[in-house]
Amino acid sequence: MLENLRKKVSDANEELARSELIRLSWGSVSGIDRKLKLIVITPDGLCYDTLETDDYVIIDLQGKVIKGKHKPSCDALTHIELYNSFPEIGGITHTHSVYATIFAQANQEIQRYGTMHNDYFAENIAVTPEIQKTKSHEYHSSIAGKTIVKTISTENIMKTPGILISGDGPITWGDTPRSSVRNAKAIEAIAEIAFGTCLLKGCRINSSQENK
């Protein structure tokens, strides 16, 4: 079932690992088959360097496991919320890449300082409002997804294909799993350059909420 999509998600995960944007099991990639209304997603808690194609879990749009020997990623409900809200999205990547996560944990948006930002993101990369910490990964994932949907600009969903989850890390999307990984690479490069730019300029980085 969905072997082609499983392979695409597996390949995207491998590209993400080669890019060193993830460590241990801190991250997830998914893809969706819109006709079947099924998602293929990274399993929970497995290190990326041990994953095989058939380790990836197939779930429906309510989070029910359809096929797989492992639990789906603890971020699954966040992915589902985005897929349910935006039919344009075909793949999603969540990482804890260093510089983008620094911005996210500091509750700071990434402002547009140069042309490279504009190549991938049409607007400042927003950060969600702070999300209450809970002991339940599933509950946090659900709340994070709903908060993202409320925060992002729906007019530019594919022109600014990513956001920072406050206190967590970046999440990006695209029309395929591979394009969502490409946007994860872009958001990390942009975050690193923005971080250095702010250090040299001595500027204060504002949160998305302060700029509204």
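Every number in this text was worked out from the coordinates using simple rules, so none of it is lab data. These numbers come from a predicted model, not from an experiment. All Cβ positions, glycine included, derive from the backbone under ideal geometry; neighbour counts span all protein chains shown.
Brief remarks on what is shown
- Spin-label pair ILE157/CYS203, simplified geometry with 7 Å Cα→Cβ offset, distance in nm: 3.0
- Charged side chains reduced to their Cβ positions (Lys and Arg at +1, Asp and Glu at -1) give the stretch 3-201 a dipole of some 300 debye around its Cα centre.
- Mean Cβ count within 10 Å, highest first, over the residues of peptides 114-127, 166-179: 166-179, 114-127
- GNM top mover of SER73, SER28, SER153 - the chain, alpha-carbon springs below 10 Å: SER153
- Estimated FRET transfer efficiency when R0 is 22 angstrom, pair VAL98-THR50 (beta carbons, to 0.05): 0.45
- Cut-off 18 Å, label 7 Å out along Cα→Cβ of ASP33, residues of the stretch 56-87 by amide N: 56-70, 72, 80, 83-84
- Segment GLN132-VAL65, extension gain: residue separation times 0.36 nm, minus the distance between their alpha carbons: 21.4 nm
- For the stretch 1-119, the Rg and Dmax computed from alpha carbons only, in angstrom: 14.9, 45
- Convex hull of alpha carbon positions in the chain: directionally averaged projected area 10.9 nm².
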